[in-house]
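Participant: Please read through the structure below; I'll follow up with questions.
The values are calculated or read from the model by the stated rules, or taken from the named source; none is laboratory data. Here the structure is a predicted model, which is why all the values come from computation and not from measurement. FYI the Cβ positions are ideal-geometry reconstructions off the backbone, even for glycines, and counts take in every protein chain you see. Just the protein is used for accessible areas: all its heavy atoms, side chains included, with ligands, DNA and RNA removed. Shrake-Rupley method; radii C 1.70, N 1.55, O 1.52, S 1.80 Å.
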Amino acid sequence: MAFEVDSLRFLDRGPVDIVVEPSECVSIMGASGSGKTLLLRALADLDPHEGRVCLDDTSCAEVPAPKWRCQVGMLPAESAWWADTLAPHFPQDLSAVMLEPFGFEADALTWTIQRLSTGERQRLAIARLLVRGPKVLLLDEPTASLDPDNVDRMETLLTRYRMEHNAPVLWVSHDPEQASRVATRHFELRDGRLLERP
Amino acid sequence: MSAIALTPLDLALAAVLVAALAVLSYASSLGLERQVLISALRTTVQLLLVGLVLRSLFESEGLSWLVGVASIMLLVAGREVLARQARPLAGSWGFSVGTLSMFISSFSITVFALVLLIGATPWYLPQYAIPLLGMLLGNTMNGVALGMGRFTESAHRERAVIEGRLLLGQTREEATSDLRRESVRTGMVPILNSMAAAGIVSLPGMMTGQILAGSPPTEAVKYQILIMFLIASGTGFGVLVSVWLTAHRLFDDRHRLRLDRLR
């Protein structure tokens with residue numbers, strides 16, 4: 001279940017080529033404004049792009065867009081919530097114990113979004129993504145708003161998910177230490193190209 | 001009994017009130033005096049002209065004249081819908097979506113009412129067709145402008161939420177369901193409110209006009225009820241179509257929110 005990107009061009013950037021193997025995590029760094037978020041958006045087919053993006057030899061263009069985004073799960077840097085309480089944001093058949101690893105009790109689903117802190121929202125956004133079981137993870141600074149304990153906890157959870165599901169992961173981070181903790185190969189987005197760093 | 005004719009002096013006295021409003025605006029630096037005077041002038045010129053146009057139109061009874069006048073009304077309404085939106089669809093879409101929606105709802109309902117309900121001979125008798133179309137277009141225009149404006153502005157403001165929903169695998173229809181509901185509601189609230197208040201708080205304009213012109217109130221009421229129903233359905237269909245088309249245009253076939261299609 002490899003994730004292959006072939007001559008991807010988006011806006012005025014690219015071409016980007018990369019293959020992420022099953023259960024491999026690659027880190028992507030780059031100056032702000034270098035297009036890291038735009039790259040993930042193009043991979044999730046949220047922005048127009050050229051070139052081929054394939055999951056397991058099936059290209060993005062062959063799959064209806066909503067189905068593609070179910071398989072290629074992108075976590076945006078800022079989570080969006082549209083209902084008053086948590087429950088409508090999760091699948092209806094979700095068993096509440098699934099939130100426990102993320103540090104939430106069983107009644108969390110009845111909580112209102114307003115009372116959640118930024119960090120809690122971010123952990124719940126990660127939970128919301130993972131319970132849907134995507135085959136690839138595109139993570140845009142997933143732990144930027146978390147305290148050190150929760151950074152640890154989320155790194156562990158995301159790594160466990162990657163191993164259990166054989167999922168390729170692209171992890172955008174601005175923290176070189178985190179990159180070396182979670183990823184085995186490291187890339188930098190510069191001048192619209194993705195360059196492997198030693 | 002026929003209506004008491006108004007003299008130019010009557011109109012001039014009423015104009016003094018508007019002038020007084022402009023003076024008051026100037027004195028309390030509200031900055032509205034210019035707009036008040038220009039709008040009053042526009043009303044006077046436009047209505048005087050349309051009085052002349054209608055008089056010759058009513059005498060001619062030709063279908064082609066009627067179609068011409070109706071088309072001008074529609075195009076002006078389309079321009080007005082576009083002008084009232086802060087972030088309309090870019091290109092010709094902004095104009096055509098509003099105009100098409102009003103055409104579909106106002107014109108079909110006017111023809112329906114003329115042929116099946118009023119049954120004048122010929123069915124397009126301008127004396128009935130033009131006022132009916134005017135009332136439908138005027139109200140539909142308000143609704144369509146409100147509905148489309150609400151949708152495009154909310155889509156722009158709530159981009160993160162819409163895209164967050166798309167990223168979770170929702171379709172463009174699911175991701176905008178709340179937005180479409182709110183926009184349709186926004187477009188329909190004025191007519192729903194005026195139906196609810198009609199007769200108790202406000203006496204609707206057409207009925208008032210008929211009564212002033214000497215019609216028995218019971219007859220005027222029947223016409224007014226008919227008009228209210230036509231306006232409500234015309235506005236409702238127009239708003240639904242325009243919000244649907246706007247929502248459709250703001251996404252592409254890969255279910256991406258395309259804010260670049262807004263002006």
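Participant: Looking at the range A:43-80 only, could you name the residues that are assigned to a loop (DSSP other than H, G, I, E, B), of a type in the set (D, E, K, R) and farther than 17 Å from B:Phe251 by Cβ?
Facilitator: Once the filter is applied, which keeps residues that are assigned to a loop (DSSP other than H, G, I, E, B), of a type in the set (D, E, K, R) and farther than 17 Å from B:Phe251 by Cβ, the range A:43-80 yields A:Asp56, A:Asp57, A:Glu78.
Participant: Is it the case that some residue within the range B:168-188 is more than 14 Å from chain A (Cβ to nearest Cβ), under 24 Å from B:Met102 (Cα atoms), open to solvent by 20 Å² or more (accessible area, probe 1.4 Å) and in contact with a strand residue (DSSP E or B) (Cβ under 8 Å, 6 or more places away or on another chain)?
Facilitator: There is no residue in the range B:168-188 that is more than 14 Å from chain A (Cβ to nearest Cβ), under 24 Å from B:Met102 (Cα atoms), open to solvent by 20 Å² or more (accessible area, probe 1.4 Å) and in contact with a strand residue (DSSP E or B) (Cβ under 8 Å, 6 or more places away or on another chain).
Participant: Now for a separate question. Listed residues B:Ala160, B:Ala196; which is closer than 18 Å to A:Ala80 by Cβ and open to solvent by 50 Å² or more (accessible area, probe 1.4 Å)?
Facilitator: Result: B:Ala160 is the single residue among B:Ala160, B:Ala196 that is closer than 18 Å to A:Ala80 by Cβ and open to solvent by 50 Å² or more (accessible area, probe 1.4 Å).
Participant: Turning to a different aspect of this structure: Look at the range B:141-167 and say how many of its residues are among the aliphatic types (A, V, I, L, M), touching a Gly at 6+ places or on another chain (Cβ under 9 Å) and more than 11 Å from chain A (Cβ to nearest Cβ).
Facilitator: Looking only at that region, the number is 5.
Participant: Among the residues of the range B:241-255, is any more than 14 Å from every other protein chain (Cβ to nearest Cβ) and farther than 27 Å from B:Gly91 by Cα?
Facilitator: So far as the range B:241-255 goes, no, none of its residues is more than 14 Å from every other protein chain (Cβ to nearest Cβ) and farther than 27 Å from B:Gly91 by Cα.
Participant: Here are the criteria: (1) assigned to a loop (DSSP other than H, G, I, E, B); (2) under 15 Å from A:Cys25 (Cα atoms). Tell me which single one A:Gly133 does not satisfy.
Facilitator: Every listed condition holds for A:Gly133 apart from (2).
Participant: Here's a follow-up. With the requirement that a residue be part of a strand (DSSP E or B) and surrounded by 15 or more Cβ atoms within 10 Å (Cβ to Cβ), what does the range A:6-23 give you?
Facilitator: Selection gives A:Leu8, A:Arg9, A:Phe10, A:Arg13, A:Gly14, A:Pro15, A:Val16, A:Ile18, A:Val20.
Participant: While we're looking at this one, here's another question. Return yes or no: is B:Val69 open to solvent by 80 Å² or more (accessible area, probe 1.4 Å) and of a type in the set (A, V, I, L, M, F, W, C)?
Facilitator: No: the conditions fail for B:Val69.
Participant: Sticking with this structure for a sec: For the range A:87-102, what are the residues that are in contact with a Lys or Arg (Cβ under 9 Å, 6 or more places away or on another chain) and within 14 Å of chain B (Cβ to nearest Cβ)?
Facilitator: A:His89, A:Phe90, A:Pro91
Participant: Turning to a different aspect of this structure: Tally up the residues in the range B:77-112 that are of a type in the set (D, E, K, R), part of a helix (DSSP H, G or I) and buried (at least 16 other Cβ atoms within 10 Å of the Cβ), please.
Facilitator: Here the count works out to 1.
Participant: Within the range A:81-110, track down each residue that is in contact with a strand residue (DSSP E or B) (Cβ under 9 Å, 6 or more places away or on another chain) and either among the basic types (Lys, Arg) or open to solvent by 40 Å² or more (accessible area, probe 1.4 Å) (or both).
Facilitator: A:Asp84, A:Thr85, A:Thr110
Participant: Within the range A:25-39, take every residue that is of a type in the set (A, V, I, L, M) and either part of a helix (DSSP H, G or I) or touching an Asp or Glu at 6+ places or on another chain (Cβ under 8 Å) (or both) and give me the one that is surrounded by the most Cβ atoms within 10 Å (Cβ to Cβ).
Facilitator: Taking the candidates together, the pick is A:Leu39.
Participant: In addition: Return the residues of the range A:44-102 that are free of Cβ contacts under 8 Å to residues at least 24 places away in the same chain and of a type in the set (A, V, I, L, M, F, W, C); say none if nothing qualifies.
Facilitator: Of everything in the range A:44-102, those that are free of Cβ contacts under 8 Å to residues at least 24 places away in the same chain and of a type in the set (A, V, I, L, M, F, W, C) turn out to be A:Cys60, A:Ala61, A:Val63, A:Ala65, A:Ala80, A:Trp82, A:Ala87, A:Ala96, A:Val97.
Participant: If I ask for residues that are in contact (Cβ under 8 Å) with a residue 60 or more places away in the chain and at positive phi, which ones from the range A:104-151 would you list?
Facilitator: A:Glu141
Participant: While we're here: Does B:Gly205 satisfy being farther than 25 Å from A:Ala44 by Cα, surrounded by 15 or more Cβ atoms within 10 Å (Cβ to Cβ) and not hydrophobic (A, V, I, L, M, F, W, C)?
Facilitator: no
Participant: Could you check A:Cys54 against (1) within 13 Å of the chain's Cα centre (by Cα); (2) open to solvent by less than 20 Å² (accessible area, probe 1.4 Å); (3) away from chain B (no Cβ under 11 Å) and say which number it fails?
Facilitator: It is condition (1) that A:Cys54 fails.
Participant: Could I ask something else about it? Could you tell me whether the range B:204-216 includes any residue that is part of a helix (DSSP H, G or I) and farther than 26 Å from B:Val111 by Cα?
Facilitator: Within the range B:204-216, one or more residues are part of a helix (DSSP H, G or I) and farther than 26 Å from B:Val111 by Cα.
Participant: Kindly establish whether A:Arg41 is over 16 Å from A:Val72 (Cβ atoms) and basic (Lys, Arg).
Facilitator: Spelling it out, it is not the case that A:Arg41 is over 16 Å from A:Val72 (Cβ atoms) and basic (Lys, Arg).
Participant: What tally of residues in the range A:81-111 results from selecting those that are under 25 Å from A:Pro148 (Cα atoms), modelled with pLDDT under 95 and not in a helix (DSSP H, G or I)?
Facilitator: The total comes to 5.
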